[in-house]
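Working notes, beginning with the structure itself.
The values are calculated or read from the model by the stated rules, or taken from the named source; none is laboratory data. Fair warning: this is a prediction, and the values are worked out from it, not measured in the lab. We place every Cβ from the backbone using ideal geometry, glycine too, and count neighbours over all the protein chains shown. Keep in mind that these areas ignore ligands, DNA and RNA; they rest on the heavy atoms of the full protein, side chains included. Shrake-Rupley method; radii C 1.70, N 1.55, O 1.52, S 1.80 Å.
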Amino acid sequence: MSKVILITGASSGIGESCARHAVAAGHKVALAARSEAKLEALVKDLGEGNALALPTDVTDPASQEAMVARAVEHFGRLDVVVANAGVGASARGTEAGSAENFREMIEVNCLAVTYTAKFTLPHLRASKGHMVLMGSKASQGAMWGSVYSATKWFIRGYADNLGLELGEAGGRVTCL
């Protein structure tokens with residue numbers, strides 16, 4: 001059965017690859033990212049009947065709420081959400097890093113994921129859907145002074161907590 005999949009951070013890298021594989025497998029994708037031009041090019045490649053571009057600032061709750069509303073209005077439901085948007089460190093360690101980069105990593109890698117979950121959970125609850133949180137090998141152990149690694153530790157813990165919440169409705173959560 002064809003599923004409707006919302007992917008954040010979909011304009012490049014892992015998000016773009018997930019979108020291409022999903023459409024090749026017969027699914028529909030709602031693609032969210034900041035880069036409207038990249039999203040539109042991807043929709044053109046995947047076919048307008050298969051994909052929807054949703055220019056979104058994941059750090060803005062109102063933007064995420066509108067993203068979810070547009071995806072559901074267009075496709076009628078959400079079955080899978082891939083919370084993939086993320087940013088890395090600008091320097092190794094804490095002392096060498098910049099405070100602005102720390103703020104950006106925490107906003108995008110942690111806080112934005114909670115917004116994605118908040119606005120998509122009612123739809124995943126209804127479809128007994130699947131939330132996929134993009135973790136990292138960096139969350140598997142301590143890394144010298146790494147703020148990035150710490151944000152991915154958050155994702156591991158949040159996935160466990162979210163799994164309990166969505167699991168009550170028959171849904172599931174996976175941390176990759």
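Numbers at a glance
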quantity: Sole residue being of a type in the set (Val, Ile, Thr), surrounded by fewer than 19 Cβ atoms within 10 Å (Cβ to Cβ), touching a residue at least 24 places away in the same chain (Cβ under 8 Å) and assigned to a loop (DSSP other than H, G, I, E, B), chosen from Thr114, Thr174, Thr94; calculated: Thr94
quantity: Pairs where the first residue, in the stretch 151-168, is closer than 17 Å to Cys110 by Cβ and modelled with pLDDT of 90 or more and the second is of a type outside the set (Gly, Ala, Ser) and open to solvent by less than 20 Å² (accessible area, probe 1.4 Å), C-beta under 6 Å, 6+ apart; calculated: Thr151/Met105; Thr151/Asn109; Thr151/Cys110; Phe154/Cys110; Ile155/Leu133; Ala159/Leu133
quantity: Matching residues, the stretch 26-43, being within 15 Å of Ser12 (Cβ to Cβ), more than 16 Å from the chain's Cα centre (by Cα) and either modelled with pLDDT under 95 or not aliphatic (A, V, I, L, M) (or both); calculated: Glu36, Lys38, Glu40
quantity: Residue count, the stretch 72-91 (criterion: open to solvent by less than 40 Å² (accessible area, probe 1.4 Å), farther than 21 Å from Ser2 by Cα and either part of a helix (DSSP H, G or I) or free of Cβ contacts under 8 Å to residues at least 24 places away in the same chain (or both)); calculated: 2
quantity: Those residues of the stretch 97-110 which are open to solvent by less than 60 Å² (accessible area, probe 1.4 Å) and without any contact (Cβ under 8 Å) to a residue 12 or more places away in the chain, in sequence order; calculated: Ser98
